[in-house]
Amino acid sequence: MYVADNNIMEKQTINVEEEEVCEWECVHAKVKSLGIKEEDCELVSLDIKEEAEVKPSITETNGYKNVERVKKDDLHLGCQNGAVTGLASSQSRHVSPVNVKFESLESDTKRTEEISSVETLEDQPPPTNPSGKSLHELHRLAVTEFIRNPEDPSLSGDPHNGAVDFETRYTELMIIEQDIKVEFVMNGKTWERLEEKGESKNCERIETENLFSRSQRSETPPRIVVVIGESGIGKTTMIQKIMFDWANGTQYQRFAFVFLFTFRDLNLLGYKNEQHISLTKLILRHYKYISDTEVKEILRKPESLLFLLDGLDEFRHKLDFTQSLMCSDPDSCVPLNILVSSLISQTLLNGCSVLITSRSTALEALDMQRVDQYVKVVGFVHEQRMIYFKKFFGDADLGAKAFQYVEENAILYIKCFNPSYCWIICRVLKNYFMTPEEERGPAPRTLTEVYVMFFHIILTNQRQETENQRRVLIQLAKMAYYAVDNKIRVLNETQEIFTFGLQSVLTSSFLSGLLWRQSYQEHMTYTFYPLALQEFMAAFYFYLEPSEGIEELLVKLDLCKDEQFKILTQFLLGLARKSVFKTLGWTLGESKRKTAIRILKWMKHKAKRALKGQDKNEALLVCQWLCETPNKKLIRDSIGKDLEMDFCRSTLSLLDCAVLSSVISCCGELKVLDLSSTHLTPEFIRRLAPGLNYCTKVFLDRCNLTYECCSVVSSVLSAPHSQLTYLRLNGNNLEDSGLDVLCEGMRNENCKLEKLMLFSSCFTSGCCSALSLTVSSPHSQLTDLDLNYNKLDDSGVCLLCEGLRSANCKLKTLCMVSCALTSGCCSALSSVLSTPHSQLTELWLCFNDLEDLGVNLLCEGMKSENCKLENLRLKSCRLTSECCSALSSVLSAAHSHLTILDLGINNLEDKGVHLLCEGLKDKNCKLKTLGLARNGISEKEKWNLFLLEKELYESGRLVNINTI
């Protein structure tokens, strides 16, 4: 796959939700201009060729292969570790006989587009071939000329100029092989998962030219390949690159012929009453320079053929793989869906190769058992985004400045993984940074602000062109809402355009700045561009005409169970901001803020319900909407008085983390954030970090954190405005190196952390020196430390005790359950308990082999008048009655503070219990809970304990003795 830069691209032909469809009829005019006669064509031999090893001339840049020359108005592709991504260009999916003039982005104050229709191929005579070229060569020539985009008049003058598109504008990228089951589970989050796991640089490379190559897991090369990816990501661009490489003899040379069909164009065959059609006729309709005889000859060797089927998600007909309906004769007329199904199932032209592109939402239409390989287009990684910005701006320094701004805005930065969003963000920021500083307003911070600025540029540049521009805008926005409401992406001139009265202004450059026009035979269609502009205009409609059905819309949004109105709602909230009204006030006319107030009220009610509900996905979606209107009062009211957010066991994306951080930061305070059992990685934590500073309690248990995350958490702890006092990191693989980094932050004077839970975090004695320094730091506020289930060993605890004896130590609770301890550390612990500075009141040492010797040593410290211990847990420490005398003396000591003693799961037996009871009866004893479960105690002794418990109660002491 390849990536191109676009430093002066004015218009990107990407459909709002789908890439545009390529149409081959535009090739005919170019072939005709070459003077090639059809009767001079001869059929090329269809012998299968070996894959050529020739590659385009390239230079190495930043680890990616870049083409040497740069031409304007090309396509931008990005990828991530094994991933192909793309941004459709002027040669996008619907390249039709339409002339489009692009003006350089270098001039944002003057933007024009000339759109003029040309006749379709059906109206033109067949081409001639005076040079005697073979049909094979003629087809390659047609493909090459198509890729050159002859519709762009800016390329006229040099017939070879257009051919540099794919040779000079692309960087070779990668594709990832995708487990289709994972795709459904991930719900389109593959790119983010690659980023989060840091696998974008380690994935196995599956380059575009190898899509049909034999893999290590298969003895035969794949025949049916499906390429999936979201809107605007570059699936169509990948198709075009395959076509270009094949036509130029650099890749896919084992195929004698490559044919492209787009599902959007197949939909239009219904207008010609050709819903039943044969494969032969379909090829003849799209490739008019091929005769009927030649098609039949071509189809005789299916193993030499590659069919590219672009945009399955746009197909209006349902695929049907019922065996009895399958077609095996290329001359048989069958329904379109059966024709396509037969080709995919290999019933028709068995042995041919088929590549299908689609959004993942349409995958259910496929018979997955028939697909040999799935790959996914996933978007720009960091390096591609940076290169894209620099090339787009033309000025590397200015591009770097803009990119730095976007990097600091997590949400916009993450959106830039999609080349379509990357294009519009660059478009807006270029205009912004090229404006004199004294004339600039604030830079865009939200996606809505990006689209508002983009929209404002177009309106300002063409403000005087169309009479009554506001009326036209209302009709255009009304049509956009109609399209969103009815799930329409392609607008027909004789239907939607006519219905909303826009025919008279279609040729204006003002309207052409918002609509992209495509021609297919006699049909003219329009789509909003760039990505999501249709939703933006639909939301804008309710501010242009505030009296028009806002209540009906809000009811619709409440009832919607899918994501049909997701982006519209996002813009609806974003447009409610006062700053937007200031920017577009002259366009909005006399409109009051009543609509905005109503929408904000609705949002508050919906957000409250979602954030308290069980549907975490809905809650995350609501947070995305709240980010578009950073209203502190609205966000605080939505979260509720308790200021708690629970996303435990959720599946978060990188964008979700950035959104949560933004919402919490805007709120300014959050008492509890629970992300336990949510998969997080260093990049995710980095995006969460700004919001974590405003949290009092953060729960990150079992989040798959590693030592690499600890530097980010450490920076949060040491931040001047950090409010974090309680942090749970249980069940993560932090290791000693991770805790060392955490301790650096905890020793900072800004750190306010009081409670740190590190249960089962893969620590050893190697971390204890850093911990010792931390608890003895004069700035340390730490009072509770949980180190349960870490292999600290005696040596580690002895190191820790050095810090615990410090006068600066404020630790009150220390938990070291199952830490591989023995009696060897008990002397050090005893010295801590007896030190005058000790504030330790709770000590957990369960499931360690302390034995009687260890407990006897501990008791020496507990008998000290300096000891403040109230709670001692010694469950399962291999104790016998030999330690009970010492424990009894502790219980009866006048200065003892011990109120809880747990000795369960030991072997004290009746003898040990008798000794303990002596201390328990002493008037100095303050014990309230004694745990003796599973200690080999006889039933008789248990009865005696019950009577003792009753006796103590009658004397005014409430003591709970547990023997079960």
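The values are calculated or read from the model by the stated rules, or taken from the named source; none is laboratory data. Remember, predicted model here, so these are calculated numbers, not experimental data. A quick note on method: Cβ atoms are made from the backbone with ideal geometry, for glycine too, and the neighbour counts reach across all protein chains shown. Just so you know, the surface numbers come from the protein's heavy atoms only, side chains and all, with ligands and any DNA or RNA stripped out. Shrake-Rupley method; radii C 1.70, N 1.55, O 1.52, S 1.80 Å.
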Accessible-area order (highest first, 1.4 angstrom probe) of the listed residues ILE488, ILE298: ILE488, ILE298
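Provide the gained length on full extension for the span GLU551 to LYS594, in nm with one decimal, where the gain is 0.36 nm per separating residue minus the Cα-Cα distance. Before the final figure, lay out the partial values.
Values: separation 43, 0.36 × 43 = 15.48 nm, distance 1.21 nm.
Going from the current span to full extension adds 14.3 nm.
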Distance between modelled label sites at THR725 and LYS921, nm, 7 Å Cα→Cβ extension: 4.6
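As an exercise, take the mean of 1/r over every pair of distinct alpha carbons in region 360-478, invert it, and state the Kirkwood radius in angstroms.
Numbers: mean 1/r = 0.0593 Å⁻¹.
It works out to 16.9 Å.
What fraction, in whole percent, of alpha-carbon pairs in region 759-906 exceed 25 Å separation?
20
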Tail fraction, Cα-Cα pairs, region 707-814, threshold 25 Å, whole percent: 9
Probe 1.4 Å - accessible area at THR293, Å² to nearest ten: 100
Cα-Cα over 23 Å, subset of LYS612/LYS697; LYS401/LYS582; LYS487/LYS632; LYS561/LYS612: LYS401/LYS582; LYS487/LYS632
Pair GLU408, GLN564: separation of 7 Å Cα→Cβ label points (nm): 4.2
Volume per residue of the C-alpha convex hull in region 614-763, rounded to whole Å³: 92
Inter-label distance for ARG609 and ARG370, nm, one decimal - labels placed 7 Å from Cα along Cα-to-Cβ: 4.3
Tail beyond 23 Å, pair distance distribution of region 473-557 (Cα, percent): 19
Probe 1.4 Å - accessible area at ASP615, Å² to nearest ten: 80
List GLU209, GLU383, ordered by accessible area with a 1.4 Å probe, largest first: GLU383, GLU209
Region 828-964: C-alpha gyration tensor shape, a/c 1.5 cut-off, then a/b vs b/c: oblate
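Kirkwood hydrodynamic radius, computed over distinct alpha-carbon pairs, for region 228-291: how many Å, to one decimal?
Numbers: mean 1/r = 0.0721 Å⁻¹.
By the Kirkwood definition, the hydrodynamic radius is 13.9 Å.
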Between region 287-316 and region 617-642, the alpha-carbon center distance in angstrom: 52
For GLU552, solvent-accessible area (1.4 Å; no DNA, RNA or ligand), Å²: 120
Set of region 879-901 residues, backbone N closer than 16 Å to the point 7 Å along the Cα-Cβ line of GLU909: 879-885
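Tell me whether region 250-346 comes out rounded, prolate or oblate; compute the Cα gyration tensor, take square roots of the eigenvalues as a ≥ b ≥ c, and use a/c under 1.5 as the rounded threshold.
Values: a/c = 1.40, a/b = 1.37, b/c = 1.02.
Here region 250-346 falls in the rounded category.
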Pairwise FRET efficiency - ASN468 versus HIS276, Cβ, R0 = 41 Å, nearest 0.05: 0.30
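Given a Förster distance of 30 angstrom, what is the FRET efficiency for ASN866 paired with LYS671, based on the Cβ-Cβ distance and rounded to 0.05? The partial results should precede the final answer.
On the way: r = 36 Å, r/R0 = 1.20.
For ASN866 and LYS671, the calculated efficiency is 0.25.
Can you sort ASP320, ASP701 by solvent-accessible area, 1.4 Å probe, largest first? Could you put the intermediate results ahead of the total?
Numbers: ASP320 45, ASP701 5 Å².
The ordering from most to least exposed comes out as ASP320, ASP701.
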Tensor-based shape of region 383-453 (alpha-carbon gyration tensor, a/c under 1.5 rounded, otherwise prolate or oblate): oblate
Principal axis dimensions, largest first and in whole angstrom, of region 547-679 by Cα: 50, 31, 27
Karplus 3J(HN,Hα) series, Hz, for region 243-250 with 6.51 cos²θ - 1.76 cosθ + 1.60 (x for Gly, Pro): 4, 5, 5, 5, 5, 9, x, 9
Unsatisfied cross-links (Cα-Cα over 31 Å) in the set LYS376/LYS671; LYS390/LYS601; LYS810/LYS875; LYS318/LYS606; LYS415/LYS478: LYS376/LYS671; LYS390/LYS601; LYS318/LYS606
